[in-house]
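Colleague: I am attaching a structure below and will ask some questions about it afterwards.
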Amino acid sequence: MTMLNEEDIAVAGEYVLGLLDPSADALAAARVATDAEFSAEVEAWRQRLQPMIDGNDTPVSPDVWHKIAAALPKQSGQDISGGNVRLWQSLSGISTVAAAIMAVILLQQPAPVVLPEPAAPLIAALGSETGRASLTARYDSDNGQMLLTPVSLDTGELYPELWIIPADGKPRSLGIVSGDSPSQISINAKLRDFIDQGATLAITPEPETGGPGGQPSGPILASGKIVSI
Amino acid sequence: MTAIHDPVDIETARRARLTDALVRTGEGDRSAFETVYKATSAKLFGVCLRIFPDRAEAEEALQEAYLTIWNKAASFEAGRASPISWLVTVTRNRAIDRLRSKGKTGFTALDEATEIADPAPLADAQMLIASDNRVLNGCIDDLNQRDAHFIRCAFVAGATYAELATSEDEPLGTVKSRIRRALIKLRSCMEGLS
């Protein structure tokens, strides 16, 4: 448990108001998942500010429910059971957009009239046991862009190299990154499939040209698992 | 007053039913999702209408919000958030995303005259909500007017620090620390009153 200071309280408020820049927003989202006090402060801000967004309760035309129901995966039918719906919701390997497209193809249902939801961003908080190194990553699978933000990182004379380590345990390089300012990384199309929930991002200190033979040669300074928010 | 008519008890029972329906929605239960919809669509439509005064656009925002609710219900943690607060957050964030994609956000996007919705005629359970309103409004009134207006614009119209800085012709850093101070002041005031 951490005691929150005024800075934390203001950040929690800014997070609820949607005022944080993408890297600070990712950091706050990661804190909500891991820091009970911060998470409680975010919930408190939501409740404090909610009257501002509350309008008058207004009955909705029945058409709206029909459109929503039509856009859901169908429950009835031999091969599309509730179990499959659950499976779709829990599959880590497919984005919501991909799931929506699959729903249309497999169920042959009319295309929903609403816009597809953007894929949930993937984030990771990279840390070390000593607490000396810490970074955050946010990945948008729609455009293959990753924003890596170092909070603290010291690689001495060497350069920080970012690695993705998927389930097979083999590190693939995502390139040398900055140790003191945010890096916007365009992930190589061949590596995008590896950036997914459960895979690990890690930083090692390497020569300027990267680990020899495309493999890490230094110790892991910081690492963290990718989660979906 | 008997217990069953106590607005607090009614509110507690309503919240328990909604929590249960939302958890089951997260398990893929479509009839539970319909229960959530029936219990909350009028309220969430009110939220969408605050952000999109045009009724047709608010209805589209509401549809998107409920599909997001369906997709994300499994991430709702009953112990950590109230179901209404979670539903309003998902709806507000989805609607603001929609507003941003249309390039309609801004510091002046929100009409000052309509900042706080007119209170609806009060049922018993709504008295509780009205008292939350009074606390927030009382404390908002204590802030610098421009800061208060900006906080509303950020929450209801997706305004950013950059838009505020441009409008005030002040450096971004100055604007940020001003709003952060206003947030701390707002919180102290609300925690003191509630």
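The values are calculated or read from the model by the stated rules, or taken from the named source; none is laboratory data. Computed from a predicted structure; not experimentally measured. Using ideal geometry, Cβ is built from the backbone for each residue, glycine included, and neighbour counts are taken over all protein chains shown.
Colleague: With (1) within 9 Å of another protein chain (Cβ to nearest Cβ); (2) of a type in the set (Ser, Thr, Tyr); (3) more than 15 Å from the chain's Cα centre (by Cα) as the list, and residue B:41 as the residue in question, which single condition is left unmet?
Modeller: (3)
Colleague: Going through A:186, A:181 one at a time, which residue ends up being small (Gly, Ala, Ser) and either more than 21 Å from residue A:208 (Cβ to Cβ) or at pLDDT 90 or above (or both)?
Modeller: On the way: A:181 fails: either more than 21 Å from residue A:208 (Cβ to Cβ) or at pLDDT 90 or above (or both).
Sole residue among the options that is small (Gly, Ala, Ser) and either more than 21 Å from residue A:208 (Cβ to Cβ) or at pLDDT 90 or above (or both): A:186.
Colleague: Only one residue in A:173, A:228 is surrounded by 14 or more Cβ atoms within 10 Å (Cβ to Cβ) and without any contact (Cβ under 8 Å) to a residue 60 or more places away in the chain, so which one is that?
Modeller: Answer to the selection: A:173.
Colleague: I've got another one for you. Quick one: residue B:69 ticks every box in (1) within 17 Å of the chain's Cα centre (by Cα); (2) surrounded by fewer than 22 Cβ atoms within 10 Å (Cβ to Cβ) except a single one, so which number is it?
Modeller: The number of the failed condition is (2).
Colleague: I'd like the residue in the stretch B:72-111 that is polar (S, T, N, Q) and at the interface with another protein chain (Cβ under 9 Å from one of its Cβ atoms) and, out of all such residues, is surrounded by the fewest Cβ atoms within 10 Å (Cβ to Cβ).
Modeller: The initial filter retains those residues of the stretch B:72-111 that are polar (S, T, N, Q), namely B:75, B:82, B:85, B:89, B:91, B:93, B:101, B:105, B:108.
If we keep only those that are at the interface with another protein chain (Cβ under 9 Å from one of its Cβ atoms) as well, we get B:75, B:82, B:85, B:89, B:91, B:93, B:101.
Values: B:75: 13, B:82: 16, B:85: 16, B:89: 19, B:91: 26, B:93: 15, B:101: 11.
Result: B:101.
Colleague: Could you figure out which of (1) surrounded by 14 or more Cβ atoms within 10 Å (Cβ to Cβ); (2) assigned to a helix (DSSP H, G or I); (3) more than 8 Å from every other protein chain (Cβ to nearest Cβ) isn't true of residue B:177?
Modeller: Result: residue B:177 fails condition (1) only.
Colleague: Any residue in the stretch B:89-111 that is at pLDDT below 85, of a type in the set (Asp, Glu) and out of contact with any Asp or Glu (no Cβ under 7 Å at 6 or more places or on another chain)?
Modeller: Taking every residue of the stretch B:89-111 in turn, at least one turns out to be at pLDDT below 85, of a type in the set (Asp, Glu) and out of contact with any Asp or Glu (no Cβ under 7 Å at 6 or more places or on another chain).
Colleague: Give the number of residues within the stretch B:44-71 that are over 24 Å from residue A:45 (Cβ atoms) and more than 7 Å from chain A (Cβ to nearest Cβ).
Modeller: Within the stretch B:44-71, residues that are over 24 Å from residue A:45 (Cβ atoms) and more than 7 Å from chain A (Cβ to nearest Cβ) number 6.
Colleague: Among residues belonging to the stretch A:145-170 that are outside any strand (DSSP E or B) and in contact with a Leu (Cβ under 9 Å, 6 or more places away or on another chain), point out the one that is surrounded by the fewest Cβ atoms within 10 Å (Cβ to Cβ).
Modeller: Residues of the stretch A:145-170 outside any strand (DSSP E or B): A:153-158, A:166-170.
Cutting the leftovers down to in contact with a Leu (Cβ under 9 Å, 6 or more places away or on another chain) gives us A:153-155.
Details: A:153: 20, A:154: 13, A:155: 17.
Among residues in the stretch A:145-170 that are outside any strand (DSSP E or B) and in contact with a Leu (Cβ under 9 Å, 6 or more places away or on another chain), the one surrounded by the fewest Cβ atoms within 10 Å (Cβ to Cβ) is A:154.
Colleague: Still on this model: Within the stretch A:52-75, which residues are in a helix (DSSP H, G or I) and either more than 7 Å from chain B (Cβ to nearest Cβ) or farther than 21 Å from residue B:92 by Cα (or both)?
Modeller: Hits for the stretch A:52-75 are A:62, A:63, A:66, A:69, A:70.
Colleague: Out of curiosity, is residue B:165 of a type in the set (Gly, Ala, Ser) and either modelled with pLDDT of 85 or more or surrounded by 14 or more Cβ atoms within 10 Å (Cβ to Cβ) (or both)?
Modeller: yes
Colleague: OK, next. Of the numbered conditions (1) touching a helix residue (DSSP H, G or I) at 6+ places or on another chain (Cβ under 8 Å); (2) at pLDDT below 90, residue B:84 fails exactly one; give the number of that condition.
Modeller: Going through the list (1) touching a helix residue (DSSP H, G or I) at 6+ places or on another chain (Cβ under 8 Å); (2) at pLDDT below 90, residue B:84 breaks only (2).
Colleague: May I pose another question? Which of the residues belonging to the stretch B:27-38 are under 21 Å from the mean Cα position of the chain (by Cα) and either at the interface with chain A (Cβ under 9 Å from one of its Cβ atoms) or surrounded by fewer than 17 Cβ atoms within 10 Å (Cβ to Cβ) (or both)?
Modeller: The answer is B:33, B:37, B:38.
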